[in-house]
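The structure appears right after this line, and notes come after that.
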Amino acid sequence: MRIQKRRRREAKTNYLKRMKLLKGDSPRIVFRKTNRYIIAQYVTSKQAQDKVDMGVNSKELLKYGWPKEAEESLKSIPASYLTGFLIGKKILFEKKNTPIMDFGMTRNLHKTKIYAFTKGLIDSGVKLKVDKKKDIFPDESRIKGENMKNKINFQKIKEKINGENSK
């Protein structure tokens with residue numbers, strides 16, 4: 001009987017996937033979702049030791065005009081897209097190397113927050129390899145939050161992010 005490592009038992013680390021990512025020797029964009037927020041980090045690794053160069057939390061969207069009454073929806077699909085867009089603009093502004101995606105143990109389902117985040121990265125100008133033939137991204141109406149109870153001014157927030165990180 002083989003004893004699993006503790007982080008694998010706790011469903012926190014997939015060591016096979018981690019080894020493949022580390023062998024690639026490229027910086028990574030780490031996507032994590034919590035019960036309240038979306039977290040994105042630009043991570044570089046040297047000798048299997050990770051260093052977070054920059055991080056973005058969806059709570060930062062409040063500074064860009066996300067409505068206070070919609071604060072409970074900072075983990076939604078529009079928040080995921082805008083968080084991806086925000087970290088993508090910061091990566092381009094600081095002239096970082098092109099990263100690869102690291103979703104960790106998050107299930108990889110089409111048309112979910114993961115792919116809204118990825119679309120935000122791509123729309124910000126970060127070059128990622130994505131199969132555009134497949135219908136994997138959420139619909140534009142879901143990304144803009146048209147089905148949300150508390151309406152957000154999606155375009156205004158996107159323009160503020162774009163303006164602030166392009167100076």
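Per-structure values
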{"item": "The chain - mean residue ellipticity at 222 nm from DSSP helices (-39,500 (n - 2.57) per run, n ≥ 4, rounded to 500)", "result": "-10000 deg cm²/dmol"}
{"item": "³J(HN,Hα) computed for each position of region 84-101 - Karplus, 6.51 cos²θ - 1.76 cosθ + 1.60, integer Hz, glycine/proline x", "result": "x, 5, 5, 5, x, 5, 5, 5, 5, 5, 8, 6, 7, 5, 5, x, 10, 8"}
{"item": "Under 5 Å, built H, 5+ apart or other chain: amide partners of ASP53", "result": "TYR42, VAL43, THR44"}
{"item": "Projected label distance in nm at LYS134 and ARG107, using a 7 Å step from Cα toward the beta-carbon", "result": "1.6"}
{"item": "LYS63 versus TYR37: modelled label distance in nm, points set 7 Å from Cα along the beta carbon direction", "result": "1.2"}
{"item": "The chain - Kirkwood radius from inverse mean 1/r over Cα pairs (Å)", "result": "16.7"}
{"item": "Calculated FRET efficiency for the pair LYS51/LYS12, C-beta based, R₀ 22 Å, to 0.05", "result": "0.70"}
{"item": "Loop-located GluC sites (Glu not before Pro) in region 25-121, at most 12 other Cβ atoms within 10 Å (DSSP)", "result": "GLU94"}
{"item": "Helix 154-164 vs. the chain, principal-axis angle (Cα, 0 to 90°, nearest 10)", "result": "70"}
{"item": "Unsatisfied cross-links (Cα-Cα over 18 Å) in the set LYS111/LYS160; LYS68/LYS111; LYS90/LYS158; LYS95/LYS127; LYS33/LYS156; LYS23/LYS51", "result": "LYS111/LYS160; LYS68/LYS111; LYS33/LYS156"}
{"item": "Dipole magnitude of region 6-164 about its Cα centre (Cβ charges: Lys, Arg +1; Asp, Glu -1), debye to nearest 20", "result": "680"}
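Readers should treat all values here as calculations from the given coordinates under stated rules, not as data from a laboratory. Since this is a predicted model, take the numbers as computed values, not measurements. So basically every Cβ, Gly included, is an ideal-geometry build from the backbone, and we count neighbours across all protein chains shown.
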